[in-house]
Amino acid sequence: MEARIFLIGFMGSGKSTQGAKLARRIGYRYVDMDQLIAETAEMSIPSIFNEHGEEVFRKWEHDILQELFLRDKLVIATGGGAPCHSHLMDLMNAHGITLYIKLSPESLRDRLIRSRTERPLIKGKSESELLEFISTLLLKREVFYKRATHIVDGINLQTEALARLLQDS
Ligand code: S3P
């Protein structure tokens, strides 16, 4: 199996939940990029956006990935915007397998409304603003997401199915 499995997809698509389960299933270490960035910066993601701005956050995403490319046997839950900046999609494809967890804007909205994670890009949006925001941004981001090694349906996604997909590839 490839040394690194990158889970990619929009905010709320289940990358962290699936990533942790998949890592356990295949005996790899699990890394959550956002968590690693927050630990390294000793700041939460919302504080990074507030105090340093999105551009700095994107640079840190890039830097963290460079470090992860040096480590083996990893399942990595990436931030939703990571594959769409600094050629990171190409770099991830060159350093492992990318799995795009695909969901409709409506499913993403429902999941994001239920989520307790604070996400600076969607903070303060009403339900209808949120759907509009997701639809517009997803359209732009899918250009990148669709270059993933595998595209999987995020509805009822089973860890076992992911593990099988990886074994067969
Ligand atoms: C972002 C997604 C977040 C986090 C940051 C920006 C994005 O991660 O990296 O808030 O640009 O889509 P999740 O996809 O884990 O929510």
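Just to be sure, is Arg25 of a type outside the set (Phe, Trp, Tyr), surrounded by 14 or more Cβ atoms within 10 Å (Cβ to Cβ) and more than 16 Å from the chain's Cα centre (by Cα)? It is true that Arg25 is of a type outside the set (Phe, Trp, Tyr), surrounded by 14 or more Cβ atoms within 10 Å (Cβ to Cβ) and more than 16 Å from the chain's Cα centre (by Cα).
Considering only residues in region 1-22 that are out of contact with any Lys or Arg (no Cβ under 9 Å at 6 or more places or on another chain) and within 11 Å of the ligand (Cβ to nearest atom), the one that is least open to solvent (accessible area, probe 1.4 Å) turns out to be Gly19.
For (1) in a helix (DSSP H, G or I); (2) in contact (Cβ under 8 Å) with a residue 60 or more places away in the chain, each residue gets a yes or a no:
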{"residue": "Gly12", "(1), (2)": "no, yes"}
{"residue": "Gln18", "(1), (2)": "yes, yes"}
{"residue": "Arg25", "(1), (2)": "yes, yes"}
{"residue": "Val31", "(1), (2)": "no, no"}
{"residue": "Gln35", "(1), (2)": "yes, no"}
{"residue": "Ala38", "(1), (2)": "yes, no"}
{"residue": "Pro46", "(1), (2)": "yes, yes"}
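Annotation note: Cβ proximity below 7 Å between a residue of region 128-149 that is buried (at least 16 other Cβ atoms within 10 Å of the Cβ) and a residue that is among the β-branched types (Val, Ile, Thr) (sequence gap 6+ or interchain) occurs for Leu130/Ile122; Phe133/Ile122; Tyr145/Ile8; Ala148/Ile8; Ala148/Thr98; Thr149/Ile97; Thr149/Thr98.
The values are calculated or read from the model by the stated rules, or taken from the named source; none is laboratory data. A quick note: this is a predicted structure, and the numbers were derived from the prediction, not measured. Glycine also receives a Cβ, built like all others from the backbone with ideal geometry; neighbour counts cover every protein chain displayed. Calculation scope for accessible area: heavy atoms of the full protein, side chains included, ligands and nucleic acids excluded. Shrake-Rupley method; radii C 1.70, N 1.55, O 1.52, S 1.80 Å.
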